[in-house]
Amino acid sequence: MNTDTNNGAIVDAPAYLVVGNANEAIPSGNELACCEPSHERCDWVKKVPYTIPECEKQNLLSLLQWLNTVLHDVSWWITAGTLLGAVREEGHIPHETDIDVSILTTDWPKAVSQIHDQLNKTHFHFDSNSDPPHLFFSKQNTIHIDFWKVQRQNNSIFEPIGVHGKKFEIDARFIYPLSTCMYNKVIYPCPRFPKLWVEHRYGKEWYISKPKYSPNATYKDGDGFIGFEVAHRCPPPESDSLKWQTFTDMVNVLNDLNCPYNLHGGTLLNFVRDCERTDSDFDFAISLEWWRENFDLLDKAVRNAGFVPEREEGAYGTIGKPGYEMPWEKRGFKVDFFSRIDEQHRYVTPLWEGRYYNCTSIREEYSTGLWGDIVVRVPVPFEDTLVSLYGKDWKLPFPGEWRWFEDAFEIGSCQK
């Protein structure tokens, strides 16, 4: 079966289309009778190697490809384990048993109608009344797509993501506007920030594959779930459109790379205290370990976004070593990258004055914030971080201009 990898459109007549007897329609490459539409689905969950047979995986993919050609003007996207597979390996996870799709409840009646209109051309079987609804490969072979109906109320999405049987509230800006993800060489709709969604759903170790079935299984549904609450939120600034655009350009670069960064210094203070951009530049702290391993990737992405080094000498310090700092510039606005060394309950960043000095910021972990419709990463509890940087009176406007090379040592936590 050939597909157009740009939009999932079917090019050749695929194996799920009825040709003569529907029970004779077998996806190409089948080697097991249990993959046929006339047979019960393969029972591989309790058998070595506890991973889906290739032919049964192709059956699942044919369901998703077909759905992608059938639904029009319907808001839907891949979710749960399917989205995890798309983000982590751009394909189906070997131990996954189904495909997961989210769809707005307001669009569900239209989706049901569109599926029924095309269903008789296939051997698929659709149960729109089950909870959740299923699209089966056939009446006999019940490998399937799960449809998770989600509600949208203003800026909130209520999604039944299969954890403890509950619906969880997600800020709609995690989901909309929808993006696209590659899944087994076909592009499908997915949440706006797929990597962040996966991290909140599956935890900080989402990138590590964990077997779900077998005597040595290390994952069960619900493991790693962080939740979708945000630590802080602000409306977009009312002024400085070019300045704000420069900020969002850099945040988008960092988010797209799944970079372990956080708002730092004056940028964190502006976000938490003011909900307004008042500082003259933007400050980001980036994990030194990640930066060392992904230096070329980050450098290329930042330059491709239109940023240039802010000074001819380039960076302060040496990449891969403590104290590294890189200033960038775009549209006349400066963006500072500070290397971040994570320690228990705190992180350490440099401050340069001829040489670098260590500045310690208290934090327990990193979380997510929303600034307008921009998702940002912040240290939490951010009150403790800001006390570290600006002293116990951080909530009050500082009398006069903050002097980094005096006040940061006398009031903040920088050490000479």
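The values are calculated or read from the model by the stated rules, or taken from the named source; none is laboratory data. All values reported here derive from a predicted model rather than from experimental measurement. Here the Cβ is made from the backbone with ideal geometry for all residues, glycine too, and neighbour counts use every protein chain on show.
Would you please name the residue that is nearest to residue 249 (Cα to Cα), looking only at residues in region 367-416 that are more than 34 Å from the chain's Cα centre (by Cα) and basic (Lys, Arg)?
Restricting to residues being more than 34 Å from the chain's Cα centre (by Cα) and basic (Lys, Arg), the top hit is 403.
Please go through region 376-403 and pick out each residue that is more than 16 Å from residue 344 (Cα to Cα) and either assigned to a helix (DSSP H, G or I) or in contact with a strand residue (DSSP E or B) (Cβ under 6 Å, 6 or more places away or on another chain) (or both).
376, 377, 378, 383, 386, 387, 389, 390
Restricting region 229-269 to residues that are aliphatic (A, V, I, L, M) and in contact with a Gly (Cβ under 6 Å, 6 or more places away or on another chain), which is nearest to residue 404 (Cα to Cα)?
The residue in question is 231.
Would you confirm, using the coordinates I've provided, whether residue 342 is farther than 21 Å from residue 247 by Cβ and charged (D, E, K, R)?
The answer is yes for residue 342.
The rows are residues; the columns are (1) modelled with pLDDT under 95; (2) touching an Asp or Glu at 6+ places or on another chain (Cβ under 6 Å); (3) closer than 15 Å to residue 188 by Cα.
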site	(1), (2), (3)
45	yes, no, no
53	yes, no, no
67	no, no, yes
72	no, no, yes
80	yes, yes, yes
107	no, no, no
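Being part of a helix (DSSP H, G or I) and in contact with a Cys (Cβ under 9 Å, 6 or more places away or on another chain) is the filter here; which residues of region 58-81 pass it?
58, 59 - these are the residues of region 58-81 that are part of a helix (DSSP H, G or I) and in contact with a Cys (Cβ under 9 Å, 6 or more places away or on another chain).
Which residue is nearest to residue 197 (Cα to Cα), if the candidates are limited to region 217-232 and must be at pLDDT 75 or above and part of a loop (DSSP other than H, G, I, E, B)?
230
Quick one: residue 167 ticks every box in (1) part of a loop (DSSP other than H, G, I, E, B); (2) surrounded by fewer than 16 Cβ atoms within 10 Å (Cβ to Cβ) except a single one, so which number is it?
So residue 167 meets the others, but not (1).
Going through region 175-216 one residue at a time, which ones are aliphatic (A, V, I, L, M), in the same structural domain as residue 59 (by TED's automatic domain parsing) and either surrounded by fewer than 16 Cβ atoms within 10 Å (Cβ to Cβ) or in a loop (DSSP other than H, G, I, E, B) (or both)?
Across region 175-216, the qualifying residues are 175, 178, 182.
Restricting to region 366-406, name every residue that is among the aliphatic types (A, V, I, L, M) and surrounded by 15 or more Cβ atoms within 10 Å (Cβ to Cβ).
Selection gives 370, 374, 375, 376, 378, 380, 386, 387, 389.
Can you find, within region 316-339, the residue that is surrounded by the fewest Cβ atoms within 10 Å (Cβ to Cβ) among those that are out of contact with any Pro (no Cβ under 8 Å at 6 or more places or on another chain) and of a type outside the set (S, T, N, Q)?
Selected residue: 332.
Can you tell me which residue within region 110-153, out of those that are part of a strand (DSSP E or B), more than 23 Å from residue 92 (Cβ to Cβ) and not basic (Lys, Arg), is modelled with the highest pLDDT?
Only one residue tops the list, namely 151.
Output the number of residues of region 302-315 satisfying the condition of being among the aliphatic types (A, V, I, L, M) and exposed (fewer than 11 other Cβ atoms within 10 Å of the Cβ).
Final tally of qualifying residues: 1.
Do any residues in region 228-239 that are more than 24 Å from residue 365 (Cα to Cα) have Cβ atoms under 6 Å from those of residues that are modelled with pLDDT of 80 or more, where the two are at least six apart or on different chains, and which pairs are they?
Final answer for the pair search is 236/372; 237/244; 237/276.
Being under 30 Å from residue 205 (Cα atoms) and small (Gly, Ala, Ser), is that true of even one residue in region 87-95?
Yes; the residues of region 87-95 include at least one that is under 30 Å from residue 205 (Cα atoms) and small (Gly, Ala, Ser).
Test of understanding: among 121, 149, 167, which residue is touching a residue at least 60 places away in the same chain (Cβ under 8 Å) and touching a strand residue (DSSP E or B) at 6+ places or on another chain (Cβ under 8 Å)?
Only one candidate qualifies: 121.
Can you give me the number of residues within region 117-150 that are of a type in the set (S, T, N, Q) and over 17 Å from residue 42 (Cβ atoms)?
Summing the residues that are of a type in the set (S, T, N, Q) and over 17 Å from residue 42 (Cβ atoms) in region 117-150 gives 6.
If the requirement is being under 21 Å from residue 247 (Cβ atoms) and out of contact with any Gly (no Cβ under 9 Å at 6 or more places or on another chain), which of these qualifies: 310, 325?
310 is the lone residue from the list that is under 21 Å from residue 247 (Cβ atoms) and out of contact with any Gly (no Cβ under 9 Å at 6 or more places or on another chain).
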